[in-house]
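The values are calculated or read from the model by the stated rules, or taken from the named source; none is laboratory data. Since we're looking at a predicted model, the values are computed, not measured. Reconstructed Cβ throughout: ideal geometry from the backbone, glycine too, with neighbour counts over all protein chains shown.
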Amino acid sequence: MDIKYIKTSRTNSKYRLSSMQLLFFRCLGIVAFSSTMLGFVFPVNASEKVILKYGMWQESLPVSDMTVFCDTGEISTTLSYYIRLSNQSSDRINNVLCKPIAVNGVTLSKMLNNPVGGFILDLFGEVITTPSKKASRESLRGALVTSALENDDISIIEVLNNYPTNEVHLNGDRLVEFYRQVEDVLKIIPVNL
C-alpha cells in the first residue's frame, strides 16, 4: 500500500493521512490489539500432551488426563503407570501438580519481564520446555502469567494447560524440585512492584 500524504489547509508544513488510510490503520490496530489480547488471555495452541522424561526414558501423556486427575482425583490407566514409575504417592503427585500457589498476575508479569526474571525463567526452563527447546523462556513466561492472571494463583497443571505449544516437555526427575523453586521464588515477590 502506497501511503500518500495530503497537505492540510491549515499550514503548509502539516501532513495527514487520507481518511481511507486512517480508517485502514485504525481497523488494523483494533484487529492487532484484539487478537493479541485474546491470544494472551485465551491461548490458541494450548498443550495437548506432555512428554514426560525420567532419566533416559520418555513417554507421552495427555494433558487432559492430568487435568481430570486434578479436578476429580480420578487416575487414568496411563497416569497410574507414570505415578508408579515416579516412585511417588498419588497424593504427592496431586499436591505438586494441582496445588495452587497464590501470586498476583500483574506483579508476576512485571517480575518476569526483567533480567532477574529471565534468569528465573531459564532455571524453570530446565524442567518445562518447548519441543524444540527454542523460545522456552517466552513460552514459559506466557503460560505462567496467563495462569496467574486467571485467578491470582498458579499451579503446574494450569501452566501446562496454558503452555502455547501443542506439546510440552516435562523433566519428571526435577518436577518436585521445580515446585519447591516456584514456591520459594513466589515467597519473595513483593506485593507491588
Task: Unmet requirement for Asp152, which otherwise passes all of (1) at pLDDT below 85; (2) at positive phi - done: (1)
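Output the helices (runs of 4 or more DSSP H) that fall wholly within the stretch 74-164 and possess 1 or more residues being free of Cβ contacts under 8 Å to residues at least 12 places away in the same chain, or say none.
Details: elements: 77-86, 90-98, 105-112, 115-124, 136-151, 156-162.
By residue number, 77-86, 90-98, 115-124, 136-151.
Mind telling me which of the residues Lys134, Lys110 ends up being at pLDDT below 85, within 22 Å of the chain's Cα centre (by Cα) and over 15 Å from Val159 (Cα atoms)? If you could, list the steps in order and put the result at the bottom.
On the way: Lys110 fails: at pLDDT below 85.
From the options Lys134, Lys110, the qualifying one is Lys134.
Taking the condition in contact with a Gly (Cβ under 9 Å, 6 or more places away or on another chain) and of a type outside the set (Val, Ile, Thr), does Ser132 pass? Spell out the reasoning first.
Numbers: in contact with a Gly (Cβ under 9 Å, 6 or more places away or on another chain): no; of a type outside the set (Val, Ile, Thr): yes.
Criteria not met by Ser132.
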